[in-house]
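Input: a single structure, listed below in structure tokens.
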Amino acid sequence: MAALIEIERLTKRFAGFTAVDDVSFSVERGEVLGFLGPNGAGKSTTMRMLAGFTPPTAGTARICGADVVEQPVEAKRSLGFLPEGAPTYPEMTVAGFLAFTGRIRGYRGSELADRTAHAMALTQLDGIRLQPIETLSKGFKRRVGLAQALLHDPPVLVLDEPTDGLDPNQKHEVRELIRRMAPEKAIVISTHILEEVGAVCTRAIIIARGKVVVDAPPSVLEERGSSLDDVFRRLTLGQEAT
Amino acid sequence: MRAALTVARRELAGYFATPVATVFIVIFLVLAGALTFTLGNFFGRGQADLVPFFSFIPWLFLFLVPALTMRLWAEERRLGTIELLLTLPLPQWAAVLGKFLAAWAFCGIALALTFPLWITVNILGSPDNGVILSGYVGCLLVAGAYLALGAAVSALTRNQVIAFVIAVALCFLFAAAGSPVVTEFLDTRLPVLAEIARNLSVADRFGGFTRGIIAARDLIWFASFIGFFLFVNAVVLDHRKAD
């Protein structure tokens with residue numbers, strides 16, 4: 001069976017510079033891929049192309065076999081995406097917002113209600129379902145974004161910094177959630193937090209200046225230096241050829 | 001289509017969840033009323049019709065409609081929700097159409113709230129209610145034309161002030177194209193352009209509706225105008241969404 005996420009020679013050039021340069025990798029069911037890199041390395045741009053938001057300059061990506069450029073709606077059906085910064089409509093209530101994304105995904109009636117309730121339970125939003133999103137703290141907003149990505153129980157999850165802004169307990173919860181879902185899905189998470197990679201990821205890709213510099217399980221990465229921090233610094237500052 | 005209606009429903013609820021709806025509707029009603037009774041000389045004319053009201057509508061919408069449309073895409077960009085909306089499984093045209101329909105329905109609500117004027121003329125005399133209805137249809141179509149144009153402009157820039165100013169300028173172009181000042185000037189200098197200007201004029205098309213004539217060619221004209229700018233909107237969005 002083909003991998004759930006296939007990225008093929010994906011390239012994005014903006015006026016004057018290349019944000020993502022010939023990136024290829026695939027993610028199988030059961031894998032949790034940690035997508036690492038310094039700010040501006042092309043993590044978010046890669047994820048946006050994978051989610052079918054930014055059109056690639058060259059190359060393509062497939063989600064469950066559906067090409068994100070050729071069959072965008074098909075591809076997006078199998079995808080749960082948490083965009084950078086977890087954007088949501090501030091004036092909507094938590095339940096209203098989740099029902100909106102559910103309705104777009106074609107759920108109606110009792111199924112919609114079940115899906116919304118389940119997503120809120122997974123992300124512990126039950127207590128604030130009727131609060132307007134703009135009144136919530138950063139951590140809650142992030143979890144609303146996460147709930148939206150999980151609502152339809154997609155086979156592929158792409159999460160851009162899912163634990164950013166969460167307190168340590170919430171971080172723990174989200175990591176537990178990701179670990180629980182991992183066997184069923186192909187998951188890509190981007191993060192700055194290196195300990196997170198060791199905690200939840202089965203594989204890590206480090207990207208710098210738009211190119212993949214390393215693709216290995218976290219345990220292998222750690223063996224390369226005294227700590228993950230150290231390895232990350234050496235790889236992304238370009239002092240070690242790989 | 002279902003996805004477009006879902007987007008429209010969310011958008012429309014969004015207007016009423018924020019002060020946008022109240023401010024827009026109150027200002028619209030105050031201005032429409034004030035212009036009708038003062039400049040329009042509603043009572044002094046001694047005629048039971050809504051001609052003074054309808055004659056101000058294209059000019060009032062000229063400023064108010066771009067105020068609605070300037071935030072359509074700019075706001076989504078500012079909040080980053082454009083990335084959420086366009087990564088949900090819906091075709092891009094559905095998002096464009098949904099936003100347009102919500103704004104249009106909103107204008108329809110604002111227009112419907114001018115009903116006291118209609119009641120007034122019916123108490124004071126016996127107007128031809130068919131003509132009044134056709135006038136309202138015309139108002140709605142003018143709003144739709146301006147909305148489609150403004151929404152396309154809004155997709156072009158992330159700056160709301162620029163979106164507003166350009167949309168007002170373009171709407172003015174289409175509103176004024178058929179006015180005597182423009183056409184007489186063109187008639188004497190460039191007769192070819194005068195004919196084109198008359199054909200492009202929103203105000204000219206609207207004129208028929210206020211006289212009670214709902215002509216198929218005018219309906220088709222408005223439908224093509226709206227359709228064309230929605231198409232432009234979708235194309236622009238596709239190219240600039242990630243900027």
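Bear in mind that the values in this text are calculations on the coordinates, not laboratory data. Quick caveat, the model's predicted, so the values are computed rather than measured. Glycine also receives a Cβ, built like all others from the backbone with ideal geometry; neighbour counts cover every protein chain displayed.
At q = 0.08, 0.14, 0.16 Å⁻¹, what log₁₀ I(q)/I(0) does a Debye calculation on the Cα points of chain A give, no solvent, two decimals?
-0.30, -0.91, -1.17
In nm², what is the average projected area of the convex hull enclosing the Cα atoms of region A:86-153?
3.9 nm²
Please report, for the Cα atoms of region A:179-242, the Rg to one decimal and the Dmax as a whole number; what are they, in angstrom?
So, for region A:179-242, Rg and Dmax equal 12.1, 38 Å respectively.
Percent of alpha carbon pairs in region A:125-238 separated by more than 23 Å?
37 percent
Helix-derived [θ] at 222 nm for chain B: sum -39500 (n - 2.57) over DSSP H runs of at least 4, divide by residue count, nearest 500?
That comes out to -26500 deg cm²/dmol.
Which of the lysines could a cross-linker bridge to A:Lys12, judged by Cα under 23 Å and excluding same-chain residues fewer than eight apart?
Those lysines meeting the cut-off are A:Lys43, A:Lys76, A:Lys211, B:Lys241.
Viscosity 1.567 mPa s, temperature 4 °C: what is the translational diffusion coefficient of chain B from Stokes-Einstein with a Kirkwood Rh over Cα pairs, rounded to a whole number of µm²/s?
Using the Kirkwood radius from Cα pairs, D works out to 69 µm²/s.
Give me the tail of P(r) for the protein assembly as shown as a percent: Cα-Cα pairs with distance above 30 Å.
For the protein assembly as shown, the share of Cα pairs beyond 30 Å comes to 54 percent.
Using the 2.2 N^0.38 Å rule of thumb for compact globular proteins, work out how region B:126-241 stacks up: its C-alpha Rg over that value, please.
1.19
Please name whichever of B:Ala155, B:Ala48, A:Leu228 sits farthest to the positive end of the charge dipole of the protein assembly as shown, dipole taken about the Cα centre and charges placed at Cβ: Lys and Arg +1, Asp and Glu -1.
B:Ala48
Give the average, rounded to an integer, of partner chain Cβ atoms located within 10 angstrom of each Cβ in B:4-17.
Rounded to a whole number, the mean comes out at 3.
Mean shadow of region A:33-75, computed from the convex hull of its alpha carbons, in nm²?
For the Cα atoms of region A:33-75, the hull's average projected area reads 3.4 nm².
What is the spin-label model distance, in nm, from A:Gln71 to A:Arg129 if the labels are put 7 Å beyond Cα along the C-beta direction?
3.5 nm
Of the listed peptides A:97-108, A:221-232, A:16-27, what is their order by residue-averaged count of other C-beta atoms within 10 Å, with the highest listed first?
The most tightly packed comes first, giving A:97-108, A:16-27, A:221-232.
For chain A, what's the relative contact order in percent, using C-alpha pairs closer than 8 Å and at least 6 residues apart?
26 percent
Please report the relative contact order for chain B, taking Cα pairs under 8 Å with a sequence separation of at least 6, and give it as a percent rounded to a whole number.
The value is 26 percent.
Please work out, to two decimal places, the log10 of the ratio I(q)/I(0) at q = 0.11, 0.21, 0.24, 0.25 Å⁻¹ from a Debye calculation in which every Cα of region A:15-105 carries one identical scatterer.
-0.39, -1.19, -1.35, -1.40
Just to confirm a number: summing +1 for Lys and Arg and -1 for Asp and Glu over residues other than A:Gly30 whose beta-carbon lies under 13 angstrom from that of A:Gly30, what do you get?
Once positives and negatives cancel, what remains is +2.
Please identify every one of the chymotrypsin sites (Phe, Trp or Tyr not before Pro) in region B:1-73 that sits in a loop by DSSP and has no more than 16 other beta carbons within 10 Å of its own beta carbon.
Filter output for region B:1-73: B:Phe43.
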